[in-house]
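The values are calculated or read from the model by the stated rules, or taken from the named source; none is laboratory data. Keep in mind that what you see is a predicted model, and the values were worked out from it rather than measured. Because the Cβ atoms are built from the backbone with ideal geometry, glycine has one as well, and the counts that use them run over all protein chains shown.
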Amino acid sequence: MESTFIASTPESQSPPTPYSVPLGQTERIFIIDAIRGVALLGILMMNIPFFGMPHQVGENLLIRNEFSGPNLWTWWAVNGFFEGTMRGLFSLLFGAGTLLLLDRLQKNNAGLLPADVYYRRLLWLLLFGIVNAFVLLWPGDILYSYALCGLALFPFRKMPAKGLLIISFVMLLIGTYKDNSGLYEQKQTKRKGEAAQLLAKKKMKLSEDQQGDLKAWQGLQERVKPENQRKEADKLAKKMQGNYPQVYKALEPINIKFESVAMHQSFVWDVLMLLFLGMALYRLGFLTNQRPAWQYALLVVVGYGVALPLNYWKMNFAVETKFDFIRRLNEWPFEFYEIRRLFHTLGHLGLLMLAYRSGLFNGLFRVMARVGQMAFSNYLMQSIICTLIFYGYGFGLYNKLQRYELYYVVGAVWLFQIIFSNLWLHYFRFGPFEWLWRSLTYWKKQPLRRVAA
């Protein structure tokens, strides 16, 4: 989906190549391709509820009363073990891919040419993100965010790992602060609103500020009421059964919010944290299988040891309180999403590296590497396939399937993309969208078909 879709190897593995010549198979870092393939397929597990049902339903079990049976267990399994982590792996690989690409460009080209190529690639990626959101109509696009954040990485291309780790940690602190400032702003809205409400009950005249506090609190209560969320979900589901212009109109405000307000208020820190960490892990050899096994094992133990209890605590609280928003404001002390997701992602990374080093899963990693080599194409194909399956201008299954039934679709898409990726790359050098992206970057049609040796 991003610069991580371009991979290279350390200098000792291949001779210098001009920047406009496609990477050969021997030049790629196999394990990076394989992890990218795993993450690409895994990210669909998190996206499918938002392809197939209103976001209110995807986020809240109370809307459909899914507190028993396969729907509940599906929610526990998917969110408990994978939520945010597949995108986390993508972000790490984006950061690593930035250095892979720039190292290769700067090794073979002097002057401004590396920067020229790098920024042209990102600007095209940004455009692909806009197309994914506003043409393919996927309101969870991440290409746009990666392109914008990627613009900031070039000046840090020569920074040592220690400096990159420090920047990543600062981004983590800022992101965690932003999450908690939002939580405590809502707590303050509740506190001030209840104080104004009490004065109103005593027939006391409210000041203009107190009237505003009361109105804000009442509005928040109305928005989070399950019956009102259910009504909003039903309205969206009805609109999503329409033709393409009707679906576009329904999703436009969601897309605009996701790629503007949400991006600049919170998502930017989330992405940058992992981009810089990915650059650092590449510099340290963690992403190129150069560290001793015990260090990968440490990632697993510490990563899962921190993340899984935190995730269980939050998910169990949500289930026990029936997703009661007011109780959450009363009782929930601290937002640790960024912390949990960081450790969880590192746990997955360590586990994948140990699995690769064991040699027991060579066939699986070979298959996943082909999926990863075509990650950009496969990501956009997921948007095309899923919107046609669920939206009204396609098969119209939006809001028609149970939560657990959505994962039948996931399995079918996985099977198709695994087969398609391995067959396509048998005959062609790049995935179709990788080829288009590269041709647009260099403004020159790139060779696509493989030539027999």
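Go over the candidates Phe128, Phe156 one by one and state the one that is over 30 Å from Ile384 (Cα atoms) and either surrounded by fewer than 22 Cβ atoms within 10 Å (Cβ to Cβ) or in contact (Cβ under 8 Å) with a residue 12 or more places away in the chain (or both). That would be Phe156, the only listed residue that is over 30 Å from Ile384 (Cα atoms) and either surrounded by fewer than 22 Cβ atoms within 10 Å (Cβ to Cβ) or in contact (Cβ under 8 Å) with a residue 12 or more places away in the chain (or both). Evaluate segment 269-282: report whether one residue or more is within 30 Å of Pro226 (Cα to Cα) and surrounded by 15 or more Cβ atoms within 10 Å (Cβ to Cβ). Within segment 269-282, one or more residues are within 30 Å of Pro226 (Cα to Cα) and surrounded by 15 or more Cβ atoms within 10 Å (Cβ to Cβ).
Looking at Val319, Val371, just one residue is part of a helix (DSSP H, G or I), surrounded by 19 or more Cβ atoms within 10 Å (Cβ to Cβ), of a type in the set (Val, Ile, Thr) and touching a residue at least 40 places away in the same chain (Cβ under 8 Å), and that residue is Val371. Note on segment 266-293: residues that are more than 16 Å from the chain's Cα centre (by Cα), under 20 Å from Pro160 (Cα atoms) and part of a helix (DSSP H, G or I) amount to 9. With respect to the conditions (1) within 30 Å of Phe134 (Cα to Cα); (2) in contact (Cβ under 8 Å) with a residue 12 or more places away in the chain, Val306 falls short on a single one, namely (1).
Which of the residues belonging to segment 430-453 are touching a residue at least 12 places away in the same chain (Cβ under 8 Å) and either of a type in the set (A, V, I, L, M) or within 13 Å of Leu380 (Cα to Cα) (or both)? Within segment 430-453, Gly431, Pro432, Phe433, Glu434, Trp437, Leu440, Leu448 qualify. For segment 162-259, the helices (runs of 4 or more DSSP H) that sit wholly inside it and include 2 or more residues that are charged (D, E, K, R) and closer than 30 Å to Thr387 by Cα are 226-239, 244-258.
Do any helices (runs of 4 or more DSSP H) entirely within segment 16-85 hold 3 or more residues that are crowded, with 18+ Cβ neighbours inside 10 Å and modelled with pLDDT of 95 or more, and if so, which?
Passing ranges, in order: 30-52, 69-81.
Set side by side, the residues Val261, Val271 differ, and just one is of a type in the set (Val, Ile, Thr) and touching a helix residue (DSSP H, G or I) at 6+ places or on another chain (Cβ under 7 Å), which is Val271. Among the residues here, Phe420 does not qualify as under 26 Å from Trp75 (Cβ atoms), assigned to a helix (DSSP H, G or I) and out of contact with any helix residue (DSSP H, G or I) (no Cβ under 7 Å at 6 or more places or on another chain).
Looking at the structure I just gave you, is Gly95 over 12 Å from the mean Cα position of the chain (by Cα), crowded, with 18+ Cβ neighbours inside 10 Å and touching a residue at least 60 places away in the same chain (Cβ under 8 Å)? Yes; evaluated as a whole, the condition is true for this residue. Note on segment 242-263: residues that are among the polar types (S, T, N, Q) and either free of Cβ contacts under 8 Å to residues at least 24 places away in the same chain or surrounded by 18 or more Cβ atoms within 10 Å (Cβ to Cβ) (or both) amount to 2. Every test in (1) surrounded by fewer than 16 Cβ atoms within 10 Å (Cβ to Cβ); (2) assigned to a helix (DSSP H, G or I) is passed by Phe334 save one, and that test is (2). Residues satisfying the criterion are absent from segment 216-233 (criterion: more than 23 Å from Ile326 (Cβ to Cβ) and either surrounded by fewer than 20 Cβ atoms within 10 Å (Cβ to Cβ) or without any contact (Cβ under 8 Å) to a residue 60 or more places away in the chain (or both)).
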